[in-house]
């Protein structure tokens, strides 16, 4: 069995211990900033662990210094120690002018250390803080922010050896650091589970809920403190894509999970973090591990995952998750990459990452510091943030490495946002007047995402790599299961804002391709949701098996959520049949379809249990897409597009509630008629129904003839009046039909006093 990790020499991950364990080095005390008992206004940032090796605290005050982070640290003895702080000057890589924006101090028992940290070094490093005196065996340590502009601290080291220099290599937790922290060598065993989802966005969360309702034992690992991913209060991208009623009801759980946000960015409250977590925690079969970062995998052999290792980003506890199957819902393809899954990353021209922001006008003057280190922006060099928010198109990193350069991309976005706000507040026409003609003196920035919202990283490859041509040409796949309804939406730098910063533009435009039916959707095949070379690895979300162009339509959150739901159901078949995700397609596809036909409120308590309607779960109405899919109707359904037509019939779709793709209508005098033919599966009595959409120009006397085993029976229907039955149907009566003997419904136009209307015929058995 082999261990694969971002940090290949490690068996454990960073621990958040604020004291030196007895087994540690006697003269050194290592304090992880993430472990501060009172973080104050400092925020936990876990986005870049795979780049710099650790979570850290960030002072994200948008120009207003944040409250101190504080903790109490135990020392082996009083005396003099040399202080080192792992930090960086986050704008130094650009040789930005002015003082470093991320400066902070360390205070010991209320006395600030003379050195200002975060003021030097473009890379993460141990900055020397000089000699400090510890009066006793316990001291109160504080991080004191000086600027409010994103100072960052990973850890503090106190050494009684004045000659000691911490390891400043790119390695994370070398032997001395692990020894100083007294980390245990063996991880905590979790499981075994039926499936482990890694990533708590819409894909992972909805997938874990789906699997739990299938009766599986499920773990959900999320490296932040909230669920929803880009659709959380941290990033605030409102969930897009439809959950249409056609095909299968795999959108039920997504509609249950989704928030109330109506724009990007919305407010904190609109993204309903607490609601999302409550839904997940209500699942008895689901174990939720928030603030856990998956950083390594164990392989049983090159094609089979044996375990995922994740550490608690606040306590440092390392956990080993063992399961039958795993689902990479990280967006970045992290688990697949660790397992050496087949994957593909395009060389530049990717969709980038956004850090949106918002502002408001208050009742009193508000100042904002000059930001010489930010991007030097003037009026016309960025779009004015109307409606009090900077939207999704504040995006950069198109040609940067979406893994190695991720922190750089985020920090560039921060420089752009602060530079724009500086221009609005302090310079030029923006500073003099807002939309209402009032000065911006009272305006203040209320929110700026320090957690980025990435769109594209890499794709894990499955048995099908879905292309734009497949979607536009509506290529049919027997395992089509998730309806993508977003257009092929690809982002590019917006030309007018490229000139000043050609190396990394920060304003994008969306180019929407045609060919996707935004109402009915295109069924994405299940074979895009599992790895072609790691036999027990699923994928869900924006890292599934598609091309760059196809990603433009499947990447939106509601669509990703439905992928997770299907994976949860497929995992149940893997568990029941002791098979691989690939086997589900080749041997158990009909069983998967049956599970996909179950609504989201159906569950079973164990894999061997029976499904039942859980009264505690909502029965949500299907979204009104303006049409009724044939697949949602029982019995035999013949659409107007399948009728045999004579004469001239016009096509229409303006009257909503039609079956499938629209309807047809014709006036008198043209000799038009339509014949809906069908064959019943067995002899018996059947109810025959006719569907139409009422309108004042329709006929009150449309002639309809039913041809059955008993002969022909004619009647007229008033198509100005809405049919009384569900889905817009009207009953034509009960008739006997015989197997193998075609029946028919014929609609004519002779003598009508308006337009005859064709939509659909439904035939339902009465026995």
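The values are calculated or read from the model by the stated rules, or taken from the named source; none is laboratory data. It should be emphasised that the depicted structure is a prediction, and the values quoted were computed from it without experimental measurement. For neighbour counting, all protein chains shown are included, and Cβ atoms are generated from backbone atoms with ideal geometry for every residue, glycine included.
Of note:
- Within region 432-457, the residues that satisfy the criterion of being in a loop (DSSP other than H, G, I, E, B) and either within 14 Å of residue 410 (Cβ to Cβ) or modelled with pLDDT of 95 or more (or both) are 449, 450, 451, 452, 455, 456, 457.
- Listed conditions (1) without any contact (Cβ under 8 Å) to a residue 60 or more places away in the chain; (2) part of a loop (DSSP other than H, G, I, E, B) are all met by residue 693, apart from (1).
- Residue check for residue 119: surrounded by 18 or more Cβ atoms within 10 Å (Cβ to Cβ) and over 30 Å from residue 370 (Cβ atoms): no
- Any hit, region 595-617, residues being part of a helix (DSSP H, G or I), free of Cβ contacts under 8 Å to residues at least 24 places away in the same chain, under 30 Å from residue 659 (Cα atoms) and in the same structural domain as residue 196 (by TED's automatic domain parsing): no
- Strands (runs of 3 or more DSSP E) fully within region 118-165 counting 3 or more residues that are over 16 Å from residue 57 (Cβ atoms): 125-134, 138-145
- Selection from region 634-645 of residues that are in contact (Cβ under 8 Å) with a residue 24 or more places away in the chain and surrounded by fewer than 21 Cβ atoms within 10 Å (Cβ to Cβ): 634, 635, 636, 638, 639, 642, 644, 645
- Residue 283 meets each of the listed conditions (1) at pLDDT 95 or above; (2) farther than 30 Å from residue 240 by Cβ; (3) assigned to a loop (DSSP other than H, G, I, E, B) apart from (2).
- Residues in region 224-264 that are within 15 Å of the chain's Cα centre (by Cα), more than 17 Å from residue 275 (Cβ to Cβ) and surrounded by fewer than 24 Cβ atoms within 10 Å (Cβ to Cβ): 240, 242, 264.
- Verdict on residue 727 being in contact with a strand residue (DSSP E or B) (Cβ under 6 Å, 6 or more places away or on another chain), surrounded by 14 or more Cβ atoms within 10 Å (Cβ to Cβ) and touching a residue at least 40 places away in the same chain (Cβ under 8 Å): yes
- Candidates 452, 380: the one that is without any contact (Cβ under 8 Å) to a residue 40 or more places away in the chain and closer than 24 Å to residue 265 by Cα is 380.
- Filtering region 708-724 to residues that are surrounded by 18 or more Cβ atoms within 10 Å (Cβ to Cβ) and either in contact (Cβ under 8 Å) with a residue 60 or more places away in the chain or not in a loop (DSSP other than H, G, I, E, B) (or both) leaves 708, 717.
- Taken together, the residues in region 300-320 that are in contact with a helix residue (DSSP H, G or I) (Cβ under 7 Å, 6 or more places away or on another chain), modelled with pLDDT of 95 or more and in a loop (DSSP other than H, G, I, E, B) amount to 0.
- Within region 288-299, one or more residues are in the same structural domain as residue 199 (by TED's automatic domain parsing), in contact with a helix residue (DSSP H, G or I) (Cβ under 8 Å, 6 or more places away or on another chain), more than 27 Å from residue 556 (Cα to Cα) and not in a loop (DSSP other than H, G, I, E, B).
- So residue 533, is it in contact with a helix residue (DSSP H, G or I) (Cβ under 9 Å, 6 or more places away or on another chain) and touching a residue at least 12 places away in the same chain (Cβ under 8 Å): no
- Count - residues of region 351-394 that are buried (at least 24 other Cβ atoms within 10 Å of the Cβ) and out of contact with any helix residue (DSSP H, G or I) (no Cβ under 8 Å at 6 or more places or on another chain): 1
- Of all residues in region 397-419, none are out of contact with any helix residue (DSSP H, G or I) (no Cβ under 7 Å at 6 or more places or on another chain) and more than 21 Å from residue 452 (Cα to Cα).
- Going through (1) farther than 26 Å from residue 224 by Cβ; (2) at pLDDT 95 or above one by one, residue 366 falls short only on (2).
- Yes/no for residue 215 being in contact (Cβ under 8 Å) with a residue 24 or more places away in the chain and surrounded by 24 or more Cβ atoms within 10 Å (Cβ to Cβ): no
- Restricting attention to region 683-700, the residues that are loosely packed, with under 15 Cβ neighbours inside 10 Å and closer than 16 Å to residue 758 by Cβ total 1.
- Scan of region 369-405 for residues that are touching a strand residue (DSSP E or B) at 6+ places or on another chain (Cβ under 7 Å) and part of a loop (DSSP other than H, G, I, E, B), ordered by number: 382, 383, 385, 392, 393, 397, 398, 402
- Qualifying residues in region 646-660 (those that are surrounded by fewer than 20 Cβ atoms within 10 Å (Cβ to Cβ) and either touching a helix residue (DSSP H, G or I) at 6+ places or on another chain (Cβ under 6 Å) or touching a residue at least 40 places away in the same chain (Cβ under 8 Å) (or both)) - the one farthest from residue 241 (Cα to Cα): 647
- Residue in region 696-704 that is part of a strand (DSSP E or B) and touching a helix residue (DSSP H, G or I) at 6+ places or on another chain (Cβ under 7 Å) present: no
- Where residue 340 falls short, out of the listed (1) assigned to a loop (DSSP other than H, G, I, E, B); (2) free of Cβ contacts under 8 Å to residues at least 60 places away in the same chain: (2)
- Taking region 488-503 as the range and being under 22 Å from residue 562 (Cα atoms) and crowded, with 19+ Cβ neighbours inside 10 Å as the test, the residues that pass are 488, 490.
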